[in-house]
Each structure stands twice: as structure tokens, then as C-alpha cells.
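Student: My structure is below; once you've seen it, I'll send some questions.
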Amino acid sequence: MADTLEFNEIYQEVKGSMNDGRLRLSRQGVIFKNSKTGKVDNIQASELAEGVWRRVALGHGLKLLTKNGHVYKYDGFRESEFDKLSDFFKAHYCLELAEKDLCVKGWNWGTVRFGGQLLSFDIGEQPVFEIPLSNVSQCTTGKNEVTLEFHQNDDAEVSLMEVRFYVPPTQEDGVDPVEAFAQNVLSKADVIQATGDAICIFRELQCLTPRGRYDIRIYPTFLHLHGKTFDYKIPYTTVLRLFLLPHKDQRQMFFVISLDPPIKQGQTRYHFLILLFSKDEDISLTLNMNEEEVEKRFEGRLTKNMSGSLYEMVSRVMKALVNRKITVPGNFQGHSGAQCITCSYKASSGLLYPLERGFIYVHKPPVHIRFDEISFVNFARGTTTTRSFDFEIETKQGTQYTFSSIEREEYGKLFDFVNAKKLNIKNRGLKEGMKQSYDEYADSDEDQHDAYLERMKEEGKIREENANDSSDGSGEETDSSFNPGEEDDDVAEEFDSNASASSSSGDGDSDRDDKKPAKKAKIVKDRKPRKKQPESKKGKDPNAPKRPMSAYMLWLNASREKIKSDHPGISITDLSKKAGELWKAMSKEKKEEWDRKAEDARRDYEKAMKEYSVGSKADSHRGERLKKKKKKQEKQVKGKGDKKGATSKSSSSKSPAKGMSDSFKSKEFVSSDESSSAESKKEDSEEEGAASPPPSSEDSASGSD
């Protein structure tokens with residue numbers, strides 16, 4: 001038997017929503033990786049208490065119960081996979097995979113059982129439905145009635161918001177059954193109540209998303225943001241990742257908290273909480289706990305009294321309470337020495353941080369893209385100027401992110417980084433050996449981070465000099481194509497990371513005045529003449545036959561009005577999607593009819609193209625003959641003019657000019673002038689009537705007389 005079982009496109013039920021991902025069962029336990037968030041759930045084999053196989057809406061499902069009361073549900077299995085899973089559970093987990101079908105009688109009375117994190121409503125021995133108590137946001141009681149309210153699910157089109165249970169009165173040792181029911185729910189429910197004192201409070205922190213200044217109160221199980229207008233309570237269980245990112249100016253720090261599900265403000269959803277700190281701001285912090293409690297709870301990660309930079313204190317406290325690693329930038333360094341790149345995303349300018357396992361953009365809107373969800377990246381020439389370029393990322397789900405207005409000096413560093421991470425580059429095409437080598441079930445968090453150590457590293461760095469800011473080709477604009485995969489001299493001079501370093505080091509010892517002429521000389525020397533457009537490249541002939549349409553386009557033109565009438569008010573995009581679905585669902589016989597029409601159109605097009613090409617060739621031959629004839633005539637006329645001009649010049653040079661006043665002109669001078677003008681007139685008349693027949697001998701004789 002295999003040591004591992006893997007399943008693709010499995011859905012995990014979390015807080016009422018179905019998250020797709022990959023499931024792997026091994027000797028050590030069960031691992032599920034969420035495709036959307038990259039979050040990994042790891043259940044150790046020793047923690048498994050029960051496994052249940054049942055029929056659900058998406059086929060068949062697997063429900064796992066652990067010894068500490070947690071429940072995990074996975075849907076999307078096929079019925080044929082039961083035997084394989086059952087044998088695997090027996091061999092490696094020593095568990096029987098029990099088959100339990102849900103009751104579908106439709107009765108609305110039965111027995112409620114509380115087991116771990118689940119409320120199960122049963123009829124006899126069969127469950128009708130189950131409610132994860134972590135979904136409950138509020139529980140209220142009335143006379144013989146208990147009302148459960150649930151958290152809103154943003155991913156679902158329709159959310160269940162409330163369920164009411166009628167509890168019949170009983171007399172059992174004076175215990176009120178309604179209160180007992182409510183207490184069982186509240187003990188496991190996700191009801192946030194700010195009872196007791198906060199562990200610590202950070203006052204007036206600058207928050208970029210959501211915007212404003214907030215007091216942050218740290219409680220054992222949740223984070224409380226208190227502002228002038230809004231309050232947010234964020235359970236630590238919703239925190240996915242923590243990021244600590246240095247600003248490009250080296251004077252500020254971003255602390256980013258990734259949330260799933262997001263916090264809500266009206267209809268706005270905030271998936272990231274972004275705090276901005278000044279590095280110079282220090283704080284002395286005292287936790288509202290005694291030293292024994294601090295040691296027992298945090299195991300040395302925090303102490304009762306701490307002092308240091310404000311961003312350090314916040315990051316240390318959050319790391320200890322959330323129990324998540326803090327992601328910091330890797331070893332990437334941009335052109336100016338910073339660990340980020342200035343760029344624009346959508347309408348706002350911000351900073352793009354290349355991390356060890358992804359990219360993050362701050363701050364408006366914040367974007368986090370993991371390497372394992374990237375299909376390919378693309379380097380594109382800037383739309384308005386050649387001094388910048390665009391960096392495009394497309395994910396496997398088809399989402400595209402375009403980071404524009406990146407300085408071209410950053411190209412070499414960013415290209416080397418992407419190349420080192422073995423991401424597919426669209427410009428270059430897919431090459432062998434570029435396949436990503438990531439563990440598909442590995443978490444996308446980074447290694448352990450020590451805020452003090454990071455601070456020492458930051459302070460120990462010396463900022464690079466600004467000599468690299470003026471690269472040799474900074475004032476030069478060329479028309480070369482932007483192909484980063486090809487080794488072209490012009491592209492290397494503009495975008496290669498080595499070009500600026502070599503040029504600045506060579507001119508470093510000379511004065512500013514000496515640099516300018518040298519730079520100009522180099523620009524003139526390296527400038528290449530513009531390539532003349534080949535004559536063969538002509539515009540499209542409007543008289544040429546139109547290309548034939550495909551079978552799909554013929555069908556779409558015929559069916560467009562019908563689709564519009566069936567779906568009034570449908571947009572162009574939705575119409576295209578709907579047409580694609582209808583074409584895909586069409587039977588093979590109907591498609592063959594349109595294929596025949598497309599074939600007929602193609603034959604007609606080929607026939608028309610043959611006739612058109614024959615006609616165009618005849619026209620081109622006729623035009624070439626006329627061109628040659630005209631050139632020959634121009635050469636003949638030019639030769640005659642040169643010959644006559646030479647004879648007139650020699651005759652005028654022989655005329656006596658000594659002893660004559662300026663106003664007097666000799667007979668020879670005047671006649672030569674008249675003859676030259678007559679010759680020029682004759683040349684003009686010859687050019688105009690070049691195609692006319694030569695004069696007859698009688699005309700020439702009368703003319704001489």
C-alpha cells in the first residue's frame with residue numbers, strides 16, 4: 001500500500017464557505033493547503049479520534065474529529081475512493097472509516113447533541129444538520145426558545161444568519177433547559193466580549209488601512225482597534241500572516257497584518273491592516289500580568305517589562321499572541337540599495353517588496369501574491385516613456401496584476417531576482433529547468449524573525465552612494481524592442497544592472513566638468529541611425545478580400561440577437577461568456593453544420609484571393625514599366641542639358657571684357673545669355689513632352705529657315 005494519498009480539488013468547509021485546495025494523507029497525518037490563502041492545516045495522526053464517510057452535496061465527504069474536539073470537513077470525493085481511504089485509515093491510523101448518511105426525512109423535531117465544536121441535530125441515530133459553534137456570533141434566550149446568530153459569510157451569495165430552537169420545559173433537578181442549552185453554545189461560540197483588562201495598550205498608532213489613528217488594545221484572544229469613529233475586534237484566529245517591511249526612506253517601518261476573513265466597514269472589506277511607524281519612536285511597555293503568568297503563557301518570548309522601538313514592541317507582542325512567523329524582505333536589493341521598488345498599481349503609487357516566497361505591494365490597495373500561485377511574469381515597455389517599464393504578474397486563476405512606472409535602472413535587479421526564483425518569464429518563453437521547485441504543501445511563511453536582530457542589521461547597513469543614479473545611457477532613447485531574454489547591446493546598455501556600475505566607476509575620479517563632454521561624446525558615438533522602413537512593408541489594401549470567419553463566429557453573428565432577447569440588458573462581456581457556454585454545450589451534429597459553412601467561406605476566400613493576386617501582379621508589372629521608362633527619359637534630358645551648358649560656358653569665356661563699363665554689354669554676352677535661356681526653355685519643354693513623337697524633317701527645316 002502507498003504511504004501517501006493525494007487528492008486535488010477537495011473542498012474544506014470553514015465557517016460556512018467551501019475553500020478549494022489539495023489534500024494529502026500520509027503516515028504522519030493529514031495536510032490540507034488552501035489554494036486561495038495558502039494556509040496549511042496539519043492534523044497529526046496521533047490526534048485523530050474518528051473518521052466519518054457520508055454523502056454530501058458535492059459528491060461524498062470526509063469528516064475528521066480530533067481528540068481535542070476540533071472538527072474538519074472535506075468534500076469533493078468520488079464514491080469509488082471509499083475503499084482506498086478505508087484501507088488507508090485502517091493501516092496507518094488504526095481507525096475504522098464509518099459510513100453515516102444524513103437523515104432526509106424533513107422532520108423539524110429531534111435531539112440536540114453537543115460534541116466538541118459541533119452542535120448536531122439528530123433524528124434517531126442519524127444527523128439532520130450540524131452547526132460549527134465557532135460560526136455563532138451571538139446567542140440569546142427567550143421563553144422556551146434559544147436564538148443563534150451567525151457571522152456573515154462574504155464568499156457565499158446567500159448566508160444563514162439566524163436559527164431558532166424551541167426547547168420544551170422539563171423539570172430536571174431545577175435546571176432550566178433553555179439556560180443549559182445557551183451555556184453549551186456560548187462555551188464554544190466565537191462571541192467576542194471585551195471582559196477584563198487588556199494585556200497592554202498602544203495609544204494613537206497611525207493606521208493606513210483602515211485610515212486613521214487608533215488605540216490598539218491587546219486582549220488574550222483578540223485585538224481591539226478603537227478609533228474616533230469605528231471600532232474593530234479582530235480574533236487572532238483570523239490572522240493569516242504578519243509582515244515587517246522597511247520603508248524606502250529608511251526612516252519608517254510598515255507592519256502589515258493579513259486577515260481572513262477581512263474586517264468590515266459598511267460595504268468595504270479590509271483584508272490587510274497596515275500600521276506605519278517611525279524608527280525613532282521608542283516606548284517602555286509593561287504587561288498587565290504578573291511575571292509568572294507571562295513566563296507560563298509566552299515561554300520567554302515576552303517579559304513583563306520591555307523597552308525599545310515602538311514597531312519592535314508591537315511586532316513582538318503580536319508574534320507571541322498570534323503564534324505566527326513574521327515575514328521580512330529577503331536578500332533583494334534594488335538600484336538605490338532599498339529592499340523595495342517604487343511603482344504604481346492601478347491609480348496609486350506605492351512600494352513593491354520581493355520576498356523569499358512572494359511579492360507584497362503596499363499600500364493602496366495592498367496586494368500579496370505567493371510564488372506558488374503565479375503562472376508567469378512579464379516585463380513590458382512603459383506606455384508613455386522608455387525611462388520606465390511595467391512588471392506584470394498573472395496567477396494560475398487568471399488574475400493579472402500590473403505594476404507600472406518602474407525605473408529602468410531596477411530592471412536588472414528585478415530580472416535577476418525573478419530568474420533566481422525560477423518563475424516563468426513570458427517574454428523569454430518557457431525554458432527547461434525553469435520549473436518551480438516549491439513544496440506544494442509547504443506553508444508560505446518565512447523563517448523565524450528576531451526583531452532585535454533585524455534592527456541591528458538595519459542599523460549596520462550603510463546606504464550606497466548616489467553615484468549609480470546617473471547611468472551612462474540615461475539621456476538616450478532608442479527604438480529597440482524590449483526583449484529581456486535576448487542579449488542585445490542596446491537593451492543591455494539601458495536595462496542591464498552592470499552598465500550603470502561600470503560607467504560610474506570609470507568616471508568616478510574625474511570632475512563634473514570633465515564628465516559632461518565625455519558623456520556627450522559617448523552618446524554620439526553609440527547612437528545608431530534609425531533603420532529605414534523596408535519598402536515591402538505596406539498598409540493593408542482595402543480592396544483585398546476579407547478573411548473568412550470561423551464556425552464559432554458565424555454561429556455567434558447568427559445567434560447574437562436571440563441571446564440578447566433571451567437575456568434582456570445583458571452586457572457585451574456577459575454576452576460573450578454566455579455565447580461561449582452555449583457553443584460548448586452544443587451537440588456535435590449542430591457544430592458540423594457551422595463547420596461546413598466555415599469551410600465554404602474559406603473556399604470562396606481562397607478563390608477571391610487568387611483572382612486578387614493575379615490582378616495585383618499585373619498592376620505591379622505595369623507600374624514598374626512606367627517607372628523604368630520615366631527614369632530613362634530623365635537621364636537622357638539631364639545628359640543633353642549638361643552638354644549644352646558646357647558649350648555655352650566655353651563661348652562666354654572667349655568674349656572680350658577688357659575696357660568696358662559695367663552698364664555696357666557686348667553682343668556676344670547678350671547672345672550667350674539668350675541662348676542659355678532658350679536652352680533652359682527647350683529643356684523644360686522636352687521634360688513636359690517627353691512622351692510626344694520627335695518632330696519631322698520638314699518641320700526642322702522650316703524652323704532652321
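The values are calculated or read from the model by the stated rules, or taken from the named source; none is laboratory data. These numbers come from a predicted model, not from an experiment. Cβ: placed from backbone, ideal geometry, glycine included. Neighbour counts: every protein chain shown. All accessible areas refer to the heavy atoms of the entire protein, side chains included, with ligands and DNA or RNA removed. Shrake-Rupley method; radii C 1.70, N 1.55, O 1.52, S 1.80 Å.
Student: Looking at region 266-278, I want the residues that are more than 16 Å from L244 (Cα to Cα) and have a partner that is open to solvent by less than 40 Å² (accessible area, probe 1.4 Å) and aromatic (F, W, Y) with Cβ atoms under 9 Å, at least 6 apart or on another chain. Which pairs are those?
Tutor: Between residues of region 266-278 that are more than 16 Å from L244 (Cα to Cα) and residues that are open to solvent by less than 40 Å² (accessible area, probe 1.4 Å) and aromatic (F, W, Y), the close pairs are Y270/Y232.
Student: Residues of region 199-214 being open to solvent by 20 Å² or more (accessible area, probe 1.4 Å), closer than 18 Å to M306 by Cα and of a type outside the set (A, V, I, L, M), which ones?
Tutor: R203
Student: I'd like to know if region 160-181 contains one or more residues that are modelled with pLDDT of 85 or more, in a helix (DSSP H, G or I), in contact with a strand residue (DSSP E or B) (Cβ under 6 Å, 6 or more places away or on another chain) and not assigned by the TED database to the domain that holds S309.
Tutor: yes
Student: If you go through region 248-262, how many residues are at pLDDT below 90 and within 20 Å of I201 (Cα to Cα)?
Tutor: Qualifying residue count, region 248-262: 0.
Student: Where in region 30-76 are there strands (runs of 3 or more DSSP E), lying wholly inside it, with at least 2 residues that are polar (S, T, N, Q)? Working first, answer last.
Tutor: Details: elements: 40-44, 48-56, 59-66.
Qualifying strands (runs of 3 or more DSSP E): 40-44.
Student: When you check I257 against the structure, is it farther than 16 Å from P220 by Cα, in contact with a helix residue (DSSP H, G or I) (Cβ under 8 Å, 6 or more places away or on another chain), hydrophobic (A, V, I, L, M, F, W, C) and assigned to a strand (DSSP E or B), yes or no? Quick ask: steps written out before the conclusion?
Tutor: Working: farther than 16 Å from P220 by Cα: yes; in contact with a helix residue (DSSP H, G or I) (Cβ under 8 Å, 6 or more places away or on another chain): yes; hydrophobic (A, V, I, L, M, F, W, C): yes; assigned to a strand (DSSP E or B): yes.
So I257 passes the test.
Student: Quick one: in region 369-385, of everything that is open to solvent by 40 Å² or more (accessible area, probe 1.4 Å) and part of a strand (DSSP E or B), which residue is farthest from T402 (Cα to Cα)?
Tutor: S375
Student: What are the residues in region 285-321 that are under 41 Å from the mean Cα position of the chain (by Cα) and part of a strand (DSSP E or B), if any?
Tutor: Listed by number, the residues that qualify are L285, M306, S307, G308, S309.
Student: Considering only residues of region 215-247 that are open to solvent by 50 Å² or more (accessible area, probe 1.4 Å) and within 22 Å of E312 (Cβ to Cβ), which is modelled with the highest pLDDT?
Tutor: Taking region 215-247 as the starting set, the residues that turn out to be open to solvent by 50 Å² or more (accessible area, probe 1.4 Å) are 217, 220-221, 226, 228-231, 233, 237.
Within this subset, residues satisfying the condition of being within 22 Å of E312 (Cβ to Cβ) are 217, 220.
On the way: R217: 90, P220: 85.
Only one residue fits best here, namely R217.
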